[in-house]
Amino acid sequence: MVMMESGPDNSPRRITILGSTGSIGCNTLDLIQRDREAYQVEALTANTNVEMLASQAREMNAKFAVVADENKFAALKDALKDTDVEVGAGRSAVIEAASRPAEWVMAAIVGAAGLEPTLTAVRRGAAVGLANKECLVCAGELMLSEVASSGAALLPVDSEHNAIFQVFEFEQRQAIEKIILTASGGPFWKTSLADMAKATPEEAIAHPNWDMGAKISVDSATMMNKGLELIEAHYLFAMPEDRIDVLVHTQSIIHGLVAYIDGSVLAQLGSPDMRTPIAYALGWPNRIPAPSQKLDLASVGTLNFEQPDSERFPAIELARQTLRDGGAAPTILNAANEIAVAAFLQQKIGFLDIARTVETTLSKLSGYSIGALDDVVSIDGEARQIAMESLSACAVVTV
Ligand code: NDP
């Protein structure tokens with residue numbers, strides 16, 4: 001494992017942020033900005049948001065700024081023309097950004113689009129802060145085998161996994177009974193199925209506790225986010241599906257728990273602010289300060305917990321089933337979900353159609369296994385195609 005606090009010879013630690021213009025990317029930069037001397041920004045990447053990327057690159061004196069959309073190359077070059085920042089565009093440039101020699105890389109591209117860049121950073125043995133859960137969902141075994149052979153450190157950033165990472169006694173693995181992921185329940189936890197059927201994208205992305213990108217916000221509303229996290233936890237902590245519980249905790253104060261054979265349950269608590277888990281991953285193996293609001297349990301008063309509801313939120317069970325089925329099932333689930341969420345955000349399908357599309361796609365594709373990256377890419381593509389076809393069977397939403 002890479003255990004580096006700074007760069008070689010105590011020089012500033014070199015950092016790359018894949019997806020720097022997103023919610024996680026901005027929170028990571030916020031932390032870095034608070035201790036400028038400690039870090040050198042190697043590379044920053046975005047998909048299309050040239051304006052924000054250029055301002056981040058200028059502000060942080062980044063060495064390399066990359067926009068994935070090739071059509072934005074000229075705009076990025078123009079925006080940074082009076083600086084020393086090298087610019088790049090296109091998928092290959094994003095991969096090049098990941099291959100540059102940063103000791104620590106934040107993987108914060110959303111969706112399976114982040115897989116290859118994240119794998120690139122893993123393959124050169126970097127410490128990788130993993131926010132992009134879809135990477136592990138669609139290629140978990142491949143990712144873990146690359147981590148094992150490169151010696152990279154995979155540091156969970158997802159708040160639940162980060163919490164479990166903090167209280168999981170790896171040297172006492174045989175004494176761990178189960179791990180428990182908490183779930184906020186999202187904006188529709190108290191909403192009837194009939195009202196969920198009419199939910200708009202604006203309502204779905206209005207998360208009660210967290211301020212996040214659109215895709216993960218919709219995933220939280222369907223609770224597919226918890227399904228994806230279940231798969232992520234299975235790979236990160238080598239836990240079988242039936243030893244990973246989900247507990248609805250609408251306050252989002254306890255982020256994750258580990259239950260031991262002696263009856264002890266260890267938990268990590270904190271205000272719902274992603275800068276805490278990001279700081280843990282950024283400072284690891286040490287702790288660094290984060291500006292998150294300090295937790296005041298006396299003013300919180302009581303902590304509440306409920307069981308998940310599989311009738312209104314079928315996504316968690318769909319995800320569990322993919323782990324039981326094995327092979328490429330999680331890859332298919334992830335790809336179908338990405339297509340369905342995008343269609344919902346474009347108001348082409350209704351909210352409840354998201355889980356239906358995933359279920360239909362899973363029922364049409366089975367028996368595939370994953371070996372190399374090419375398998376992932378091909379099955380992901382096939383699942384996207386089938387998901388697209390099944391969208392037409394869904395009721396088109398009229399607004
Ligand atoms: P955002 O949508 O806010 O940001 C996504 C980032 O990825 C942006 O920089 C975006 O660029 C870039 N991007 C999008 N598509 C592509 C592409 N095809 N190729 C290259 N870059 C791309 O997402 P979040 O920050 O919310 O989430 C990022 C990841 O972290 C997700 O996997 C999410 O599940 C996970 N996560 C997020 C949490 C949160 O609090 N937000 C919590 C836990 C996990 P541009 O701005 O130009 O579109």
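The values are calculated or read from the model by the stated rules, or taken from the named source; none is laboratory data. Remember, predicted model here, so these are calculated numbers, not experimental data. Cβ placement follows ideal geometry from the backbone for every residue including glycine, while neighbour counts extend to all protein chains displayed. The area values use the complete protein model at the heavy-atom level, side chains included, leaving out ligands, DNA and RNA. Shrake-Rupley method; radii C 1.70, N 1.55, O 1.52, S 1.80 Å.
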- [ ] Please report, in debye to the nearest 20, how large the charge dipole of the stretch 2-129 is about its Cα centre when each Lys and Arg carries +1 at its beta carbon and each Asp and Glu carries -1 there.
- [x] 200
Task: For the chain: accessible area per residue (Å², 1.4 Å) - done: 42
Open item on the list: Tell me the net charge near residue 291. Cut-off is 11 Å between Cβ atoms, residue 291 excluded, with +1 for each Lys or Arg and -1 for each Asp or Glu.
Closed with: +1
Open item on the list: Would you report the distance distribution of C-alpha pairs in the stretch 116-200 as whole percents per 10 angstrom bin, up to the bin with the largest distance?
Closed with: 14, 33, 29, 16, 8
- [ ] Sum up the charges of everything whose Cβ sits under 15 Å from the Cβ of residue 192, counting Lys and Arg as +1 and Asp and Glu as -1, but leave residue 192 out.
- [x] -1
Task: Most mobile of 148, 108, 233 in a GNM of the chain (Cα contacts under 10 Å) - done: 148
Open item on the list: Counting C-alpha atoms alone, how compact is the chain: give Rg to one decimal and Dmax as a whole number, in angstrom.
Closed with: 20.4, 62
TODO: Pop a pseudo-label 7 angstrom from the Cα along the beta-carbon direction at both residue 393 and residue 214 and give the gap in nm to one decimal.
DONE: 2.6
Task: Paramagnetic label zone (point 7 Å from Cα along Cα-to-C-beta, residue 61; backbone N under 17 Å) in the stretch 69-95 - done: 82-86
Task: Within a Gaussian network of the chain (alpha carbon springs, distance under 10 Å), most fluctuating of 66, 246, 300 - done: 300
Task: Computed label-point distance, nm, for sites residue 261 and residue 293 using a 7 Å Cα→Cβ extension - done: 4.2
TODO: Give the residue from 285, 300, 315 lying farthest towards the positive end of the charge dipole for the stretch 284-323; charges sit on Cβ (+1 for Lys and Arg, -1 for Asp and Glu) and the dipole is referred to the Cα centre.
DONE: 285
TODO: Using 0.36 nm per residue of separation minus the Cα-Cα distance, give me the extension gain between residue 144 and residue 10 in nm, one decimal.
DONE: 45.3 nm
Task: Added length on full extension, which subtracts the Cα-Cα distance from 0.36 nm per residue, residue 374 to residue 71 - done: 106.5 nm
Open item on the list: Please list, ordered by chain and number, the residues whose modelled amide H lies under 5 Å from the amide H of residue 87; skip anything fewer than 5 residues away on the same chain.
Closed with: 65
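Charges at C-beta only: +1 for Lys and Arg, -1 for Asp and Glu. How large is the resulting dipole of the stretch 189-313 about its Cα centre, in Debye rounded to 20?
Values: 9 positive and 16 negative charges, 73 e Å.
I would put it at about 360 debye.
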Open item on the list: Report the Cα centroid-to-centroid distance between the stretch 264-304 and the stretch 46-79 in angstrom, as an integer.
Closed with: 32
Task: Of the DSSP H helices in the chain, those whose Cα atoms cover at least 18 Å axially and whose Kyte score averages -1.0 or more - done: 133-150, 224-237, 329-345, 373-391
Task: Enclosed volume per residue, in Å³, of the convex hull spanned by Cα atoms of the stretch 300-399 - done: 148
- [ ] Springs between alpha-carbon atoms under 10 Å, Gaussian network over the chain: tell me which of 382, 51, 232 tops the mean-square fluctuations.
- [x] 51
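Given a 1.4 angstrom probe, I'd like the percentage of the accessible area of the chain that is carbon and sulfur, rounded to a whole number.
50
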TODO: Would you please give the FRET efficiency between residue 175 and residue 286, computed as 1/(1 + (r/R0)^6) with r the Cβ-Cβ distance and R0 = 25 Å, to the nearest 0.05?
DONE: 0.45
TODO: For the chain, give the magnitude of the charge dipole about the Cα centre (Cβ charges: +1 Lys/Arg, -1 Asp/Glu; no others), in debye to the nearest 20.
DONE: 320
Task: Residue-by-residue Karplus 3J(HN,Hα) for the stretch 193-203, coefficients 6.51, -1.76, 1.60, Hz, glycine and proline x - done: 4, 4, 6, 4, 4, 9, 4, 9, x, 4, 5
Task: Principal semi-axes in Å for the stretch 157-294 [√(5λ), Cα gyration tensor, largest first] - done: 27, 19, 12
- [ ] Could you tell me which of 54, 130, 102 has its Cα farthest along the dipole of the stretch 13-162 towards the positive end, charges placed at Cβ (Lys, Arg +1; Asp, Glu -1), taken about the Cα centre?
- [x] 102
Task: Relative contact order, percent, the chain [alpha-carbon distance under 8 Å, six or more residues apart] - done: 14
TODO: Note down the net charge around residue 386, summing +1 for each Lys or Arg and -1 for each Asp or Glu among other residues with Cβ under 15 Å from its Cβ.
DONE: -3
